[in-house]
Amino acid sequence: MKDCKYISCILLLSVSLLGSCSSSRHAGQSEPLPQSYYESTARDYFFMESLKMHNKGQFDAGMDLMSHCYDIDTAQAATCYNLAQYYMSLSDRSLLEKNRERVNLLLERAVRLEPENYWYRRLLALNYLRQNRLTDAVNQYEDMVRRFPGRTDLLLSLAELYDNAGEYEKELRVLTRFGKLEDAADELQFQRFACYLQMGELDSAYYEADNPAEVIDLLMNTTRDMIERAESQLDKMKCRSLLDVAMNFCDVVSKHEPQLVQAYKQKAIAYNWLGEGEKSFQTISLGIANVNDGKDKAQLYNLRGDLNHNLGHTKEMYSDYDSTLMHDPENISVLNNYAYFLSLEDRDLERALAMSGKTIESEPFSSTFLDTYAWILFRMKRYKESLEYMEKALRYLDSDNPEIYEHYGDVLYMCGEKEKALEYWHKAVQMNSESKTLDKKIREQKYLE
């Protein structure tokens, strides 16, 4: 350790005397050792000591030493690169911002000094990205792709940059090149699909869609979710334009595969979501006319039945549910809804009970289906049986449900358990029930229709 300190002192003294050596030479004194000898020796020492400090986790000391190294010789690429790394790792954001331009100059100098060094160029490109200098980053990656053709990972990074910049044609070319080099064309199929979609080349997008049905579901659900999550009006407008593209893609799929139900179903859902009910019904009718598979037709009738229910078109709703069950007799979702709506009207209760019975045979632990069955029994005034199924519904309930709690309170009241009924009515209120009669039931302490 003493030797190290001794050498350090000699090197520092040597560097400090460089100027005087130079002036002595001009004064006609004896020729000193070449200045580069002192510089290179001191520079190498400070460089290695800096790396040692870094490896020990003493980053401040390492940075100071690397700065000395740079002061001695600014023409060493490795020094520029390592000093830039120190600046980039600063935790103080104000210092980081203050030295932003210095980092740029250091990395750009390192690249100029050693243009074939991959790591120097890579850090420079990442630094540009960090500063949101997208064009400079793209230029750097394009240069790296040319200089290092074996680094196929650069192609994917460049493709991502092109995607962010909206340069979809360039992205496609890069993806194609990567696919050939890595024999990975199939793995990039969805990315190519997204490019064509963004470019509005929907037929090309269709041919890249390996499973159009799954792609439509993913695309439509994702775009609607994006619109709902968008915070600014501008973001909502951008997402809305994506939804338009997705709906147009549904039309292209229907052109190529007119029997595919997802194109009609998802487009109809989107129209309804946008408040364009008439177009939604038109799309469903078009789908019913083109789809051949019975269960696929059932999906469209089911959707139309749900839409009619929301509009209060009861007659049309039952007609659509009948058509659904004609094509798909075991559709438990429709069986449950149909039975429940009948019970609310006190009509065809025996038929409703039979339909509901099929649902609990299929899914005996569904609290929703058990509640429907219990409620039909309640409407038939079979209160003891209703209580049995309501208790099962509560047993299998996996989350709070104010409607089921209210129903349980109704059944309890009719079974003579008034206090317990009030308890569950109060629980339903605490869960923000939307029932129109619940508050009155509690006030009057009795069951009301």
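The values are calculated or read from the model by the stated rules, or taken from the named source; none is laboratory data. None of the values given here were measured: they were computed from a predicted structure. All Cβ positions, glycine included, derive from the backbone under ideal geometry; neighbour counts span all protein chains shown.
The condition (being assigned to a helix (DSSP H, G or I), out of contact with any Asp or Glu (no Cβ under 9 Å at 6 or more places or on another chain) and crowded, with 18+ Cβ neighbours inside 10 Å) is satisfied by just one residue among 172, 181, 158: 172.
Each residue in region 393-403 was checked for being part of a helix (DSSP H, G or I) and surrounded by fewer than 23 Cβ atoms within 10 Å (Cβ to Cβ), and 4 of them qualify. Could you tell me whether residue 281 is buried (at least 17 other Cβ atoms within 10 Å of the Cβ), out of contact with any strand residue (DSSP E or B) (no Cβ under 8 Å at 6 or more places or on another chain), farther than 23 Å from residue 249 by Cα and among the hydrophobic types (A, V, I, L, M, F, W, C)? In short, no. Is region 224-244 home to any residue that is closer than 22 Å to residue 301 by Cβ and either within 23 Å of the chain's Cα centre (by Cα) or not charged (D, E, K, R) (or both)? Taking every residue of region 224-244 in turn, none turns out to be closer than 22 Å to residue 301 by Cβ and either within 23 Å of the chain's Cα centre (by Cα) or not charged (D, E, K, R) (or both).
Of all residues in region 143-184, those that are closer than 25 Å to residue 130 by Cβ and not hydrophobic (A, V, I, L, M, F, W, C) total 16. Among the residues of region 419-449, which ones are aliphatic (A, V, I, L, M) and closer than 14 Å to residue 405 by Cβ? Matches in region 419-449: 421, 422, 428, 429, 431, 438, 442.
The number of residues in region 95-109 being out of contact with any helix residue (DSSP H, G or I) (no Cβ under 6 Å at 6 or more places or on another chain) and modelled with pLDDT of 85 or more comes to 8. Looking at the structure I just gave you, is residue 204 farther than 30 Å from residue 120 by Cα and touching a Phe, Trp or Tyr at 6+ places or on another chain (Cβ under 8 Å)? Here the answer is yes, as residue 204 does meet what is asked. Is it true that some residue in region 372-379 is within 22 Å of residue 444 (Cα to Cα), in contact (Cβ under 8 Å) with a residue 24 or more places away in the chain and not hydrophobic (A, V, I, L, M, F, W, C)? The answer is yes, given that some residue of region 372-379 is within 22 Å of residue 444 (Cα to Cα), in contact (Cβ under 8 Å) with a residue 24 or more places away in the chain and not hydrophobic (A, V, I, L, M, F, W, C). If you take the residues in region 261-287 that are assigned to a loop (DSSP other than H, G, I, E, B) and within 27 Å of the chain's Cα centre (by Cα), which one is farthest from residue 209 (Cα to Cα)? Once the filter is applied, the top-ranked residue is 275.
Every test in (1) modelled with pLDDT of 90 or more; (2) assigned to a helix (DSSP H, G or I); (3) surrounded by fewer than 20 Cβ atoms within 10 Å (Cβ to Cβ); (4) in contact with an Asp or Glu (Cβ under 9 Å, 6 or more places away or on another chain) is passed by residue 53 save one, and that test is (1).
Give me the residue from region 79-122 that is of a type in the set (Ser, Thr, Tyr) and in a helix (DSSP H, G or I) and, out of that set, farthest from residue 43 (Cα to Cα).
Checking each candidate, the answer is 94.
Would you say residue 132 is more than 24 Å from residue 181 (Cβ to Cβ) and outside any helix (DSSP H, G or I)? When the stated conditions are applied, residue 132 passes them.
Do we find that residue 412 is of a type in the set (A, V, I, L, M, F, W, C) and over 24 Å from residue 335 (Cα atoms) in this structure? Even if it seems obvious, please write down each step before you answer.
Values: of a type in the set (A, V, I, L, M, F, W, C): yes; over 24 Å from residue 335 (Cα atoms): yes.
Taking the combined requirement at face value, the residue satisfies it.
Considering only residues in region 406-438 that are polar (S, T, N, Q) and in a loop (DSSP other than H, G, I, E, B), the one that is farthest from the chain's Cα centre (by Cα) turns out to be 437.
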